[in-house]
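For reference, the structure discussed in these notes is given below.
The values are calculated or read from the model by the stated rules, or taken from the named source; none is laboratory data. Everything quoted here is computed from the prediction, not taken from an experiment. Glycine gets a Cβ as well: all are built from the backbone with ideal geometry, and neighbour counts include every protein chain shown.
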Amino acid sequence: MSQPEPAPAGQVPTSGARRLARRLQGNPTPKAGRNLPAAIGVGLAMLFAVLGGLLFLPLGFVLLVTAFAVLGVWEVFRALEAQGTRMPVIPVVVGALAMPVSAYFGGLEGLLFTMVASSVAVLLWRSIESAAGAPRSVFAGVFTLAWVPFLISFAALPLHAAGGATPVGLWPNGIPAGAWQIASMLLLVVANDTFGYIVGASFGKHPMAPKISPKKSWEGFAGSVAGAMVIGVLACLLFLDKPWWVGLILATGMVAAATAGDLAESMVKRELGVKDMSSILPGHGGVMDRLDSIVFAAPVAFVLFALLSGV
């Protein structure tokens, strides 16, 4: 594919949208640093797999969340190990396997118990090894448990009240409200990423946090809020059975949480000196590079839906 010819000297710059279109024609890796065709393909495949499992096979969705949690733990373990910090990976992986399942079958109490038990297991596992570097190792293990499997397991909690006692199979009485709540959360996170990327790559000029994430702009953040509000209102009107203004609250909460999650992972990556947590997902980087928004958005969505349950 030929590169677009540069504009003659003195020519008035094209609009933001036209600049983005020309950039994508000449380079599959535009301003935001992603291979856009690969990113779109992988993103859509993941979205359809997650929503399909969520709406039609609840236990399959929980197992998919569990797989993401384990892969996220593996990526964090590798990044920490490269910097000389070796966390007790076996009890952390066991905790990652147990937390989403305990949230599905045991609810919030089951999730909290599993988090505490996993943290104690990390401490006991590390206590039988040498004392050198033990505090750093234990902290790394508990931090990873809290950051990845604990937070992402909130995505499975709404399914507990709806049908957590059902071991396998399709929903017995149609798709419950809890599944629609999780679907709405995921769609709002996707809207945050998509509209933020489009607006930020087209018009972004004012960095939000230049020392943490130089490519994240206030213009992109405004695009995220506007796009998520449209999706939130549509979700309330089409399948959440809530007043339209609830969609504005959900959108604002999800964009704030997703942005905080993205910035938090950027800080961790800067501290570890890595660009991506891995390269397992073409166009996206690692699993944690996709979960960074969701791990913060899932608990915020759980709390917001609980507070808005009477609306």
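Against the condition under 15 Å from residue 214 (Cα atoms), of a type in the set (S, T, N, Q) and at pLDDT 85 or above, how does residue 266 come out, does it pass?
Numbers: under 15 Å from residue 214 (Cα atoms): yes; of a type in the set (S, T, N, Q): yes; at pLDDT 85 or above: yes.
The answer is yes for residue 266.
Test residue 92 against the stated conditions and say whether it is out of contact with any Ser or Thr (no Cβ under 8 Å at 6 or more places or on another chain), of a type in the set (Val, Ile, Thr) and either in the same structural domain as residue 132 (by TED's automatic domain parsing) or at pLDDT 75 or above (or both).
Here the answer is no, as residue 92 does not meet what is asked.
Quick check: is even one residue across segment 165-182 in a helix (DSSP H, G or I), buried (at least 21 other Cβ atoms within 10 Å of the Cβ), at pLDDT 90 or above and under 17 Å from the mean Cα position of the chain (by Cα)?
Yes, some residue in segment 165-182 is in a helix (DSSP H, G or I), buried (at least 21 other Cβ atoms within 10 Å of the Cβ), at pLDDT 90 or above and under 17 Å from the mean Cα position of the chain (by Cα).
Out of segment 46-87, which residues are hydroxyl-bearing (Ser, Thr, Tyr) and assigned to a helix (DSSP H, G or I)?
66
For residue 232, are the conditions met, namely being more than 17 Å from residue 152 (Cβ to Cβ), modelled with pLDDT of 85 or more and not charged (D, E, K, R)?
For residue 232, the condition - more than 17 Å from residue 152 (Cβ to Cβ), modelled with pLDDT of 85 or more and not charged (D, E, K, R) - is met.
I'd like to check something: does segment 105-112 contain any residue that is out of contact with any Asp or Glu (no Cβ under 9 Å at 6 or more places or on another chain) and not in a helix (DSSP H, G or I)?
No, segment 105-112 contains no residue that is out of contact with any Asp or Glu (no Cβ under 9 Å at 6 or more places or on another chain) and not in a helix (DSSP H, G or I).
Would you be able to tell me the number of residues in segment 229-244 that are touching a residue at least 12 places away in the same chain (Cβ under 8 Å) and aromatic (Phe, Trp, Tyr)?
Here the count works out to 1.
Applying the selection to segment 273-311, what residues are part of a helix (DSSP H, G or I), acidic (Asp, Glu) and modelled with pLDDT under 85?
289
Name the single residue, out of those in segment 118-146 being under 13 Å from residue 91 (Cβ atoms) and of a type in the set (D, E, K, R), that is surrounded by the most Cβ atoms within 10 Å (Cβ to Cβ).
126
In this structure, does residue 225 turn out to be closer than 25 Å to residue 287 by Cβ and modelled with pLDDT of 85 or more? Let's see the steps before the verdict.
Numbers: closer than 25 Å to residue 287 by Cβ: no; modelled with pLDDT of 85 or more: yes.
The answer is no for residue 225.
Residues in segment 49-66 that are farther than 18 Å from residue 157 by Cβ and without any contact (Cβ under 8 Å) to a residue 24 or more places away in the chain: how many?
Here the count works out to 2.
Here's the yes/no breakdown for (1) in a helix (DSSP H, G or I); (2) without any contact (Cβ under 8 Å) to a residue 60 or more places away in the chain; (3) among the aliphatic types (A, V, I, L, M):
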residue	(1), (2), (3)
211	no, yes, no
227	yes, yes, no
251	yes, no, yes
254	yes, no, yes
258	yes, no, yes
261	yes, yes, no
265	yes, yes, no
271	yes, yes, no
